[in-house]
Amino acid sequence: MPTDPPTDPTWAELAVTPHAPLRAWAAERLFRHAVADLPVTVWLPGGRCLGAGGPVLQLVRPRAFFHRLGADAKIGFGEAYLAGDWTADDLPGVLTPFARRMAVLVPRPLQLLRRWVDLPRPEGERNTVRGARRNIHRHYDLSNELFAEFLDETMTYSCASFAGDGDDLATAQRRKIDEMLDLARVGPGTDLLEIGTGWGELALRAARRGARVTTLTLSEQQRALAAKRMAEEGVADRVEVVLCDYREARGHYDAIVSVEMIEAVGAEYWPDYFATLDRLLEPGGRVALQAITMPHDRLLATRDSHTWIHKYVFPGGQLLSVPAVEQALRDHTTLRVRQRHALGADYARTLSRWRSRFLAAWPAVAALGFDTTFRRMWEFYLAYCEAGFRAGYLDVHQFALDRAK
């Protein structure tokens with residue numbers, strides 16, 4: 001069953017909290033300026049229209065919408081969608097032009113005010129050992145059944161690797177996993193550490209190659225299902241699924257694989273994460289790391305911001321940039337990047353498939369106890385991320401790391 005959803009603001013109603021009219025007025029002026037030449041069409045009640053033409057964003061309750069933007073634009077825009085203040089028939093299509101202009105939606109002179117208007121990240125979402133468990137629980141322990149409704153049969157919750165238009169999602173996910181295992185040179189007899197189990201498909205495929213696998217997770221529900229899958233597939237003797245923080249891991253391994261787990265580490269703990277890879281890797285070993293990335297200048301500008309995605313989906317999350325990965329390796333490890341491959345376009349396709357499957361499965365999801373506000377939250381989250389990859393604002397990289405020569 002789902003865990004209790006957030007209670008601030010009221011989840012069922014998302015009532016508008018009164019804010020200074022001046023902030024709502026300023027938000028409206030900035031919004032009108034931002035969309036004036038944006039390739040979208042913004043419909044207001046009464047037939048008025050903004051934008052340069054394109055996918056339609058319909059403002060249902062403009063007053064509530066601008067009050068939310070005035071309170072905090074980074075959270076208010078998505079929160080207004082949850083509340084039904086605006087809607088769109090093609091949600092990724094509407095969000096993609098905004099993502100392409102992300103760096104300049106607010107005029108540069110006003111960006112200097114960021115430090116005074118941006119809300120800081122909550123202290124309770126720091127990724128301490130205890131905090132990381134709490135943050136992971138809020139997303140990954142929602143319900144195994146929920147994730148099963150929109151993921152493919154492999155239960156893989158990361159970017160797939162498509163070879164052609166004919167690929168189904170499961171085939172593309174297995175290809176991605178094999179690419180990562182190949183990057184880490186996993187084969188018969190390899191002692192492999194996986195940081196971030198998911199629901200176990202990578203550990204399962206590594207075991208079938210003849211590897212001995214230790215896989216770490218902080219999600220109790222993921223651990224239970226992954227262990228069950230190992231037993232059912234007859235590889236439980238070669239795979240140990242451990243409820244363990246990466247900082248508490250011990251031993252030495254020929255290979256380490258971590259797929260889209262580092263986004264949950266947080267910038268404060270990047271040195272600990274990369275030092276852990278260095279500490280646990282045997283001489284001559286290899287690390288395969290898959291990480292969602294963003295432009296470095298945007299990382300520097302936004303790394304302390306509290307956003308909609310933090311509040312509603314990934315508390316404590318933080319994306320990296322390629323330079324941030326390289327800098328952390330230089331400063332805290334003896335490891336260096338030996339190979340790097342980008343597959344951001346594949347993530348847009350992956351997210352599109354997930355969103356379509358989620359919406360088609362909504363009756364079954366609702367039967368699990370999730371309400372219509374949750375549906376709008378999840379739809380916005382998947383479309384928001386898809387738009388980021390479609391626009392090129394986000395990317396995802398596969399890195400092969402080994403010892404500096």
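The table that follows gives values for the structure above.
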| item | result |
| --- | --- |
| Charge dipole of the chain about the Cα centre (unit charges at C-beta), most positive-ward option of Ala27, Ala184, Thr276 | Ala27 |
| Cα-based convex hull volume of the stretch 124-403 per residue, rounded to whole Å³ | 122 |
| Low-density loop positions, GluC sites (Glu not before Pro), the stretch 206-267 - DSSP coil, at most 15 other Cβ in 10 Å | Glu233 |
| Assigned charges on the beta-carbon of Lys, Arg, Asp, Glu; the stretch 124-403 dipole about Cα centre (debye) | 240 |
| Exposure proxy ranking, count of Cβ atoms within 10 Å, fewest first, for Asp297, Asp245, Asp85, Asp167 | Asp297, Asp167, Asp245, Asp85 |
| Length gained when the stretch Asp272-Ala366 is fully extended (0.36 nm per residue, less Cα-Cα span) | 29.9 nm |
| Net length gained if the chain between Arg185 and Val337 were fully extended (0.36 nm per residue, minus Cα distance) | 53.2 nm |
| Charge-dipole axis of the stretch 360-405 as Lys and Arg at +1 and Asp and Glu at -1 on Cβ define it, positive-most pick from Phe399, Leu382, Gly369 | Phe399 |
| Candidates Met102, Met377, Met230: whichever shows maximal mean-square fluctuation once the chain is modelled as a Gaussian network with Cα springs under 10 Å | Met102 |
| MRE, 222 nm, helices only [DSSP H, n ≥ 4, -39500 (n - 2.57), over the chain, to nearest 500] | -13500 deg cm²/dmol |
| For the stretch 26-65, convex hull volume per residue from C-alpha positions, Å³ | 59 |
| Gaussian network model of the chain, springs between alpha carbon atoms under 10 Å - residue of Ala148, Ala231, Ala249 with greatest fluctuation | Ala231 |
| Loop trypsin sites (Lys or Arg not before Pro), the stretch 147-204, which have at most 13 other Cβ atoms in a 10 Å radius of their Cβ (DSSP) | none |
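Values quoted throughout were computed directly from the atomic coordinates according to the rules given, and no laboratory measurement underlies them. Treat the numbers as computed from the prediction; the structure is a model and nothing was measured. Positions of Cβ are backbone-derived with ideal geometry, glycine not excepted, and every protein chain shown enters the neighbour counts.
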